[in-house]
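Step one of this worksheet: look at the structure below.
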C-alpha cells in the first residue's frame, strides 16, 4: 500500500536519527505554496545546547537555517515528506534510501548500498585538512557550504579565503605570542557578513572574546542570530557602529579587511593607540594620495595611463602605512593574502608589536618617502601625530 511505503521510510528516518547512523536527509521536488523554495537539507549537528537537527531551507535567492531538537525536527519532517516535497533521499552511511511520490499518488522506495564512510553525493575526493572543518554549522548557516560540506555554487573562492585567512592568522598569533592558553580579545572593524569574524572565533575557541563592528544593522542582527544558534555566544558578538566608535580598550588583536580608503588608516591608528599586539589589515581603495602624487619626469610618459597612476597610488599609500607602523613600534609583514582570481585587492599588512615608538631617524625616512612622491599629508600619519612636511 502507498501509505505503508511512506510510513516505512519515516520509520527508517526516525531510527537513523535516534541511533545517529546518518549524515544527511535531502528533500526535493517541492510543490508547496512558496514557489521560491527549492530544497530542504537536514543533518545532525552538535551544539553547546546539545544535539540538534540542522534545517537548511534553500530558496531561489537565499538560504534560511534553523536548528531543532530531534523531537521537533521529526515532527516537522513528517508532513513535508510526501506532502510539500515529492522526493526524499536519506543517507545513512551504509545505504542510500530514496522515497519517490509518483504522479498517481503512489510511493516507490528504493535502497542502494553506500560504502561506510564514503563522502555523500557520490564524491570520490578525500576531505582535505583545513583549519576550519568543512562541515562547520556556521559555514552552512552563513551560506558558504552546503549540507555535505562542499562550497555552494559561487562560494568556493570565499571558502578558500576563509581557510587561508585562518591559516595565516594562526601563524601571526604565534608570532605575537598570543597562541597560548590565555584569553585573546579581538575586534574586527567592518565585519560585514561575519565570515572571517566567525573564523577567528572558531580558531581561538572558548578563550577568545571576539567583537565584530559593522555599520549595517541587518548584518549585525544576522550574525548575532547565527552566533547564538551555533553556540558561539557570548564569546562572539556583533555590534552596529563605525571604526571611530568601536571599543578597542584592552584588545589584543585588531582586524580590518577591505576597509575603504582612509578607513584602513583609521583602523590602524586605533589599533596602535590601543596597544594591540597584532594588527591585520587588507587595504581596499586608495583615493587619498592620488591627487597629491607628483610625477617624476622619467615617469611622466607611463603615468599618462590611469592604471599606472592607480598602482602608484596603491604602492605609495601602503608603503607609507608600512613605514609608519614600523615607526610606531611594530614589526611589519606585507604579502599577498589570496589569489587575484578572487579579488585584485589582495594585499595584506600584518603588524606585530615589537618595541617602543621609533626615533627621529625613522621619522625622517618616512618624510623622505613622502617628499619623493609629493605627499604632504596622509591619514595614518595625521592619526599618529607625525608631520610629513
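The values are calculated or read from the model by the stated rules, or taken from the named source; none is laboratory data. The structure presented is a predicted model; accordingly, all values stated were derived computationally and were not measured. Here the Cβ is made from the backbone with ideal geometry for all residues, glycine too, and neighbour counts use every protein chain on show.
When segment 292-323 is limited to residues that are touching a helix residue (DSSP H, G or I) at 6+ places or on another chain (Cβ under 6 Å) and not in a helix (DSSP H, G or I), the one that is farthest from residue 380 (Cα to Cα) turns out to be 295. Here residue 350 meets each of (1) touching a helix residue (DSSP H, G or I) at 6+ places or on another chain (Cβ under 7 Å); (2) crowded, with 18+ Cβ neighbours inside 10 Å; (3) part of a helix (DSSP H, G or I) with one exception, condition (3).
Just one of the numbered conditions (1) outside the structural domain of residue 259 (by TED's automatic domain parsing); (2) in a loop (DSSP other than H, G, I, E, B) is not true of residue 193: (1). Restricting the search to segment 193-222, which residues are in contact with a strand residue (DSSP E or B) (Cβ under 8 Å, 6 or more places away or on another chain) and in contact (Cβ under 8 Å) with a residue 60 or more places away in the chain? Passing the criteria: 196, 198.
When you check residue 117 against the structure, is it modelled with pLDDT under 90, on the phi > 0 side of the Ramachandran plot and in a loop (DSSP other than H, G, I, E, B), yes or no?
Values: modelled with pLDDT under 90: yes; on the phi > 0 side of the Ramachandran plot: yes; in a loop (DSSP other than H, G, I, E, B): yes.
Against the criterion (modelled with pLDDT under 90, on the phi > 0 side of the Ramachandran plot and in a loop (DSSP other than H, G, I, E, B)), residue 117 qualifies.
Within segment 292-313, identify whether any single residue is crowded, with 16+ Cβ neighbours inside 10 Å and under 29 Å from residue 353 (Cβ atoms), and answer yes or no. Checked segment 292-313: at least one residue is crowded, with 16+ Cβ neighbours inside 10 Å and under 29 Å from residue 353 (Cβ atoms).
Residue-level check: of (1) part of a helix (DSSP H, G or I); (2) surrounded by 21 or more Cβ atoms within 10 Å (Cβ to Cβ), residue 276 misses just (1).
On the stretch given as segment 261-271, residues that are surrounded by fewer than 24 Cβ atoms within 10 Å (Cβ to Cβ) and within 12 Å of residue 249 (Cα to Cα) total 1.
When residue 285 is tested against (1) assigned to a loop (DSSP other than H, G, I, E, B); (2) surrounded by 23 or more Cβ atoms within 10 Å (Cβ to Cβ), only condition (2) is not met. Of all the listed residues (90, 47, 109, 80), the sole one being surrounded by 17 or more Cβ atoms within 10 Å (Cβ to Cβ) and either touching a helix residue (DSSP H, G or I) at 6+ places or on another chain (Cβ under 6 Å) or in contact (Cβ under 8 Å) with a residue 24 or more places away in the chain (or both) is 90. Whether a residue is more than 21 Å from residue 346 (Cα to Cα) and in a loop (DSSP other than H, G, I, E, B) was assessed, and residue 147 passes this test. Just one residue in the set 56, 13, 37 is touching a helix residue (DSSP H, G or I) at 6+ places or on another chain (Cβ under 9 Å) and closer than 23 Å to residue 153 by Cβ; that residue is 56. In segment 49-80, of all residues being within 21 Å of the chain's Cα centre (by Cα) and assigned to a loop (DSSP other than H, G, I, E, B), the one that is nearest to residue 135 (Cα to Cα) corresponds to 62.
Among the listed residues 69, 145, which satisfies the condition of being at pLDDT 85 or above and closer than 22 Å to residue 14 by Cα? Show your work before the answer.
Working: 145 fails: closer than 22 Å to residue 14 by Cα.
From the options 69, 145, the qualifying one is 69.
Conditions tested, residue by residue: (1) modelled with pLDDT of 90 or more; (2) closer than 22 Å to residue 139 by Cβ.
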site: 75; (1), (2): yes, no
site: 78; (1), (2): yes, no
site: 82; (1), (2): no, no
site: 88; (1), (2): yes, no
site: 91; (1), (2): no, yes
site: 94; (1), (2): no, no
site: 101; (1), (2): no, no
